[in-house]
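Asks: After the structure tokens below, expect a handful of questions from me.
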Amino acid sequence: DLTKLVIWHDNSGASADWHLQQVEVTSSSSSKTWLFPCNQWLKAQSAGDTNGCRAELLPGSAATGPTSYKTVITTSSIRGAGTDADVFITIFGSKGDTGERKLDNSSNNFERGQVDTFFVSSPDIGDVQRVVVRTAGGGLGAAWHLAGATVTSSSTGHELRFTHNNWLGNTRGRQVELVPDGADAVAATISQLVGYLVKVYTSDVWGAGTDASVYIELHGSQGSIGATRLETAANNFERGQQDEFVVKGSELGDLTKLVIWHDNSGA
């Protein structure tokens, strides 16, 4: 079994800094796959100091960052199966859930017969038990025929398959909860998520506001809700402003920790 992976870059080029999500290694002889999560920047800390360009990764360990859930979505090959609507997923486990995440990358996703791959980073939610897939579809051509999904946890290496083979969107319903293939179908009812009202107060000092995207994690005695973007239709996080959001997820029990950050985007 692979026990460690060392990866680095030589810090050359104009934009050498690199944010590595994870590395996946598959043996051609045994077909076994090891996942090495990283979830951090590999970059020089100062001129001449390239130690930060190197990382030692352990298989299935979240020691260097959150757990990564490789999510593969397959759109059916039937006529009209694709959609341009936004698609979201929430992954539930024995220790909590990831929070609802928009599935998006640089490709034109969810086209007819297409397989799209995404990585959802979250605190370890334990053994994956179910997923909720939602489309924001509305209007002409918004309906989507979802064949199914697979989810692989970097902390365990286990891959679970979720089959749907049905429509989402418009009058067909925009949300579906799926249990792993072979699991008890009785469990496949839409979960009653808990809503947490989050009030964020931006300071009333010069330059306090931000146009960056802001994210939050909630941790409690019974589980956690992974990174969730705080966003409403309003112009959020302006100087001296109070913003309110509802973060939905599993029951957390008593809140023990909150993590909040922004992505440094915007003007």
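Asks: Of the numbered conditions (1) under 15 Å from the mean Cα position of the chain (by Cα); (2) among the polar types (S, T, N, Q); (3) at pLDDT below 90, T150 fails exactly one; give the number of that condition.
Replies: Failing condition for T150: (3).
Asks: Would you check if there is a residue in the stretch 239-247 being under 17 Å from T210 (Cα atoms), in a loop (DSSP other than H, G, I, E, B) and of a type in the set (F, W, Y)?
Replies: No, that holds for no residue.
Asks: If you don't mind, another one. Based on this model, can you work out whether P59 counts as part of a loop (DSSP other than H, G, I, E, B) and under 26 Å from the mean Cα position of the chain (by Cα)?
Replies: Yes, satisfied.
Asks: Moving on. Given F245, F237, which one is surrounded by 13 or more Cβ atoms within 10 Å (Cβ to Cβ), at positive phi and modelled with pLDDT of 90 or more?
Replies: Details: F245 fails: at positive phi.
None of the other options fit; the residue is F237.
Asks: Under the condition of being free of Cβ contacts under 8 Å to residues at least 60 places away in the same chain and outside any loop (DSSP other than H, G, I, E, B), which residue from the stretch 248-259 is least open to solvent (accessible area, probe 1.4 Å)?
Replies: V259
Asks: Can you tell me how many residues within the stretch 200-210 are hydrophobic (A, V, I, L, M, F, W, C) and either closer than 23 Å to F92 by Cα or open to solvent by less than 60 Å² (accessible area, probe 1.4 Å) (or both)?
Replies: Selection size over the stretch 200-210: 2.
Asks: Could you tell me whether E159 is of a type in the set (D, E), in contact with a strand residue (DSSP E or B) (Cβ under 7 Å, 6 or more places away or on another chain), open to solvent by 50 Å² or more (accessible area, probe 1.4 Å) and at pLDDT 90 or above?
Replies: no
Asks: Could you list all residues from the stretch 84-101 that are farther than 18 Å from G126 by Cα and crowded, with 24+ Cβ neighbours inside 10 Å?
Replies: Within the stretch 84-101, just V87 meets the criteria.
Asks: I need the full set of residues from the stretch 93-147 which are polar (S, T, N, Q), in contact with a strand residue (DSSP E or B) (Cβ under 7 Å, 6 or more places away or on another chain) and assigned to a loop (DSSP other than H, G, I, E, B), in order please.
Replies: S94, T98, N105, S107, N109, Q114
Asks: Another question about this same structure. Within the stretch 162-194, which residues are assigned to a helix (DSSP H, G or I), surrounded by fewer than 12 Cβ atoms within 10 Å (Cβ to Cβ) and modelled with pLDDT of 55 or more?
Replies: Within the stretch 162-194, just T171 meets the criteria.
Asks: Can you tell me which residue within the stretch 209-238, out of those that are in contact with a Leu (Cβ under 9 Å, 6 or more places away or on another chain) and among the hydrophobic types (A, V, I, L, M, F, W, C), is nearest to G249 (Cα to Cα)?
Replies: I225
Asks: Given (1) in contact with a Ser or Thr (Cβ under 9 Å, 6 or more places away or on another chain); (2) open to solvent by less than 30 Å² (accessible area, probe 1.4 Å), identify the lone condition not met by S76.
Replies: (1)
Asks: The conditions are (1) modelled with pLDDT under 90; (2) of a type outside the set (A, V, I, L, M, F, W, C); (3) surrounded by 20 or more Cβ atoms within 10 Å (Cβ to Cβ); (4) outside any loop (DSSP other than H, G, I, E, B), and T71 fails exactly one of them. Which is it?
Replies: (1)
Asks: Kindly check whether there is at least one residue in the stretch 37-44 that is at negative phi, among the basic types (K, R), surrounded by fewer than 11 Cβ atoms within 10 Å (Cβ to Cβ) and assigned to a loop (DSSP other than H, G, I, E, B).
Replies: Checked against the condition, which is being at negative phi, among the basic types (K, R), surrounded by fewer than 11 Cβ atoms within 10 Å (Cβ to Cβ) and assigned to a loop (DSSP other than H, G, I, E, B), the stretch 37-44 yields no hits at all.
Asks: How many residues are surrounded by fewer than 17 Cβ atoms within 10 Å (Cβ to Cβ) and either over 21 Å from T90 (Cβ atoms) or of a type in the set (D, E, K, R) (or both) when one looks only at the stretch 211-231?
Replies: Total meeting the criteria: 4.
Asks: Out of S76, S107, S27, S31, report the one residue that is touching a residue at least 60 places away in the same chain (Cβ under 8 Å), over 16 Å from the mean Cα position of the chain (by Cα) and farther than 30 Å from L252 by Cβ.
Replies: S76
The values are calculated or read from the model by the stated rules, or taken from the named source; none is laboratory data. It should be emphasised that the depicted structure is a prediction, and the values quoted were computed from it without experimental measurement. As a convention, Cβ positions derive from the backbone with ideal geometry for all residues, glycine included, and neighbour counts pool all protein chains shown. When the accessible area is computed, the model is the full protein with side chains, heavy atoms only, and any ligands, DNA or RNA have been set aside. Shrake-Rupley method; radii C 1.70, N 1.55, O 1.52, S 1.80 Å.
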